[in-house]
Amino acid sequence: MSRAKRVGLVGAVVGVAAAGLATAFAVERVLVRRSVNAPGDPHREEEFGDQPFDEQLTVTAADGTDLHVEIVEPREPGDKPTIVFVHGFALDMGTFYFQRKALTERGDHRLVFYDQPGHGRSGKLKSGDYDIAALGKSLAAILDQTVPDGHIILVGHSMGGMTIMAFAEQYPEWFGERVTGVVLISTSAGLIDKTKIGLPTLVARASAPWFPVWNAAARLGGPAINKARVASSDLAWLLTRRYGFGEGKPSPTLVTFVENMNSKTSVETLTKYLHTLYTHNRFPALSALRGVPVLVIVGTKDYLTPVTHSEEILKHLPEAVLVKIDNSGHVVMLEKADEVNAAILPFLEKIS
């Protein structure tokens with residue numbers, strides 16, 4: 001089958017699936033529209049967006065990708081570790097909005113945030129597929145340029161946690177010497193192939209052989225696919241609520257905030273990450289974290305990296321602390337920010 005025909009077939013399949021889903025969600029979305037501006041949303045008045053920083057710079061990763069970085073300095077100089085935040089797939093540094101807000105108000109730690117390659121305001125990969133091993137090297141470049149000395153605490157969400165594991169695999173000597181604490185939020189060390197990134201099993205199994213076709217479709221029709229995403233924003237909003245949050249009624253403002261981050265990530269970037277997420281396996285890399293304080297946080301209703309993934313990490317790091325946040329989904333640090341901060345802040349105090 002020619003490339004054009006394969007891409008056309010994929011487009012047709014996606015179109016039919018999207019149409020079916022859109023019909024299924026249509027009535028529900030009408031109700032959602034009514035609730036978005038309804039009173040009772042605790043985050044309705046929150047002005048999500050850019051947050052204050054003391055320094056903004058660009059770091060060039062080993063593969064040549066330019067990474068957008070923002071640094072918040074402590075109010076008083078001291079010897080506390082610098083905290084470096086690493087966000088997940090299809091998101092950006094805004095993932096840590098509430099943690100950044102709380103720690104900036106405390107003003108006792110230096111904070112470093114950056115957008116991963118192909119995400120947020122960072123550059124896109126110029127050729128080839130994205131690879132979690134390369135993301136580990138990108139993190140190394142960030143640390144080399146922004147934290148040339150002193151202790152470091154790494155905080156990673158989802159793919160950001162995988163990035164930290166890849167960094168540990170490549171640079172184990174950093175742990176215990178420079179890296180003196182790690183927080184892993186809603187992540188996995190290698191069970192992704194069992195949950196299929198939250199997709200139904202049949203769809204996920206069928207999708208694996210099609211990764212090259214998806215890539216071709218993105219290259220040949222990326223702009224058209226992106227326009228289709230915009231046109232189907234109602235469906236995207238609902239899927240974000242379904243797979244990003246717990247059960248019940250999550251804040252519509254928060255769902256919109258997360259969906260906006262998702263929608264800004266190009267289809268080409270998303271497809272280039274699929275294979276590396278699908279094949280991620282870094283349980284051996286966790287050995288580098290032994291002896292370093294580790295906090296693992298997960299929502300009990302996380303459908304993308306379920307509680308079992310965090311429990312598996314604990315089997316390899318039995319001295320780590322596991323905190324389960326009730327009825328929260330994959331973006332637990334946004335959905336249940338107060339509870340996540342209540343776990344993180346004492347951990348930071350203890351190891352700083």
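Every number in this text was worked out from the coordinates using simple rules, so none of it is lab data. Just so it is clear, the structure is predicted and the values come from calculations on it, not from any experiment. Glycine gets a Cβ as well: all are built from the backbone with ideal geometry, and neighbour counts include every protein chain shown.
Testing the spin-label approximation: label points 7 Å from Cα along Cα→Cβ at LYS124 and GLU247. State their distance in nm.
4.0
Tell me, in nm to one decimal, what length is gained between ASP144 and LYS101 on full extension, where the rule is 0.36 nm per residue of separation less the Cα-Cα distance?
That works out to 13.0 nm of additional length.
In this model, which of LYS101/LYS272; LYS137/LYS301; LYS124/LYS336; LYS324/LYS350 are farther than 25 Å apart at the alpha-carbon?
LYS101/LYS272; LYS137/LYS301; LYS124/LYS336
Label THR300 and GLU349 with points 7 Å out from Cα along Cα→Cβ: what is the distance between them in nm?
For the pair THR300/GLU349, the computed spacing is 2.6 nm.
Does a label point 7 Å from the Cα of ARG290, set along Cα-to-beta-carbon, have any residues of region 141-185 with amide nitrogen under 20 Å, and which are they?
From region 141-185, the list is 164-184.
I need the calculated FRET efficiency for the pair GLU73 and ALA133, taking r as the beta carbon distance and R₀ as 45 Å, to the nearest 0.05.
Approximately 0.90, to the nearest 0.05.
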